[in-house]
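Q: Just dropping this structure here.
The values are calculated or read from the model by the stated rules, or taken from the named source; none is laboratory data. Bear in mind that the values here come from a model prediction, so they are computed numbers and not experimental data. Cβ placement follows ideal geometry from the backbone for every residue including glycine, while neighbour counts extend to all protein chains displayed. The protein model used for the area step is the full one, side chains on, heavy atoms only, and it has no ligands, DNA or RNA in it. Shrake-Rupley method; radii C 1.70, N 1.55, O 1.52, S 1.80 Å.
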Amino acid sequence: MEQEHPPLGKTLPFRTINDIAIHFRDKAVCIEYLTQLRWAGNVKCAHCGHDKVYELKGAYKGYKCAKCRKKFTAIKGTIFENSPIELSKWFMAIFILSTHRKGISSVQIARDIGVTQKQRGL
């Protein structure tokens with residue numbers, strides 16, 4: 001059964017870290033979420049900003065610009081680009097950071113989501 005995604009800008013149904021882990025269970029779901037968040041249906045080239053792009057077929061949603069002919073995804077040009085940490089773990093870290101009123105140390109976040117600080121993503 002496919003889970004319905006709430007419209008962006010509305011309150012998302014995440015109350016716990018487990019909700020995040022379940023919702024963003026694989027990379028395709030994470031990339032789809034970033035695509036909607038970044039472009040809201042009007043994809044532009046992440047390299048040159050041109051608005052005519054072609055959607056590429058594959059496991060993950062990707063695009064190719066009609067002008068500069070470069071390939072890109074929603075991750076291009078973001079903090080997630082070239083990170084060794086999975087997108088789902090990034091989303092968990094963002095959730096933890098945004099829900100702690102008095103802040104939280106990077107060591108504690110790394111421990112909570114199961115990464116080491118040596119991965120250099122946090």
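Q: For SER105, SER83, what's the largest-to-smallest order of accessible area, 1.4 Å probe?
A: SER105, SER83
Q: Show me, for region 78-87, the HN-Hα J-couplings you get by feeding each phi into the Karplus relation (A = 6.51, B = -1.76, C = 1.60, θ = phi - 60°), rounded to Hz, glycine and proline as x.
A: Those phi angles translate into 10, 5, 7, 5, 6, 7, x, 8, 4, 4 Hz.
Q: Around PHE24, what is the net charge, scoring Lys/Arg as +1 and Asp/Glu as -1 over all other residues with Cβ under 12 Å from its Cβ?
A: In short, -1.
Q: Of VAL107, VAL29, VAL53, which has the largest mean-square fluctuation in a 10 Å C-alpha GNM of the chain?
A: The residue with the greatest mean-square fluctuation here is VAL107.
Q: Show me, for region 39-52, the HN-Hα J-couplings you get by feeding each phi into the Karplus relation (A = 6.51, B = -1.76, C = 1.60, θ = phi - 60°), rounded to Hz, glycine and proline as x.
A: Those phi angles translate into 10, 6, x, 10, 5, 10, 4, 6, 9, 10, x, 5, 8, 9 Hz.
Q: Ignoring GluC sites (Glu not before Pro) that are buried or in helix or strand per DSSP, and keeping those with at most 15 other beta carbon atoms within 10 Å, what is the longest stretch of the chain between them?
A: Between the exposed loop sites, the longest stretch runs 5-80.
Q: In addition: I need the shape label for region 19-122. Rule: rounded when a/c is under 1.5, else prolate if a/b > b/c, else oblate, with a, b, c from the alpha carbon gyration tensor.
A: In terms of gyration-tensor shape, prolate.
Q: Give me the distance in nm between label points sitting 7 Å out from Cα along the Cα-to-Cβ direction at LYS64 and THR16, one decimal.
A: Going by the 7 Å Cα→Cβ label model, 4.5 nm.
Q: Over 18 Å between Cα atoms: which of LYS27/LYS57; LYS27/LYS52; LYS27/LYS76; LYS27/LYS118; LYS27/LYS70 fall into that group?
A: Flagged as over cut-off: LYS27/LYS52; LYS27/LYS118; LYS27/LYS70.
Q: With every protein chain kept in place and ligands, DNA and RNA left out, what is the accessible area per residue of the chain? Probe 1.4 Å, answer in Å².
A: 70
Q: Please report, as a whole percent, how much of the solvent-accessible surface of the chain comes from carbon and sulfur atoms (probe radius 1.4 Å).
A: 50
Q: Which is the longest stretch in the chain that no exposed loop site breaks, taking sites as trypsin sites (Lys or Arg not before Pro) with a DSSP loop state and at most 12 other Cβ atoms within 10 Å?
A: Counting only loop sites that pass the neighbour cut-off, the longest clear stretch is 70-100.
Q: What is the magnitude of the charge dipole of the chain about its Cα centre, with +1 placed on the Cβ of each Lys and Arg, -1 on the Cβ of each Asp and Glu, and no other charges, expressed in debye to the nearest 20?
A: So the dipole magnitude of the chain works out to roughly 540 debye.
Q: I need to check one value: relative contact order of the chain, counting alpha carbon pairs closer than 8 Å and at least 6 residues apart, in percent.
A: The normalised contact order for the chain reaches 20 percent.
Q: So who's got an amide H within less than 5 Å of the one on LYS70, skipping anything under 5 residues away but keeping other chains? H placed 1.01 Å off N, in plane.
A: Close amide H contacts, sequence-distant or interchain: CYS65.
Q: Mean-square fluctuation check for the chain, GNM, Cα pairs under 10 Å: which of GLY103, GLY77, GLY62 is largest?
A: GLY103
Q: Could you report the accessible area of TYR33 in Å², rounded to 10, computed with a 1.4 Å probe on the protein chains as they sit in the structure?
A: The accessible area of TYR33 comes to roughly 60 Å².
Q: So who's got an amide H within less than 5 Å of the one on GLY62, skipping anything under 5 residues away but keeping other chains? H placed 1.01 Å off N, in plane.
A: LEU56
Q: Same structure, new question: Starting from the eigenvalues of the Cα gyration tensor, five times each then square-rooted, give me the equivalent ellipsoid semi-axes of region 77-120, largest first, whole Å.
A: 18, 13, 9
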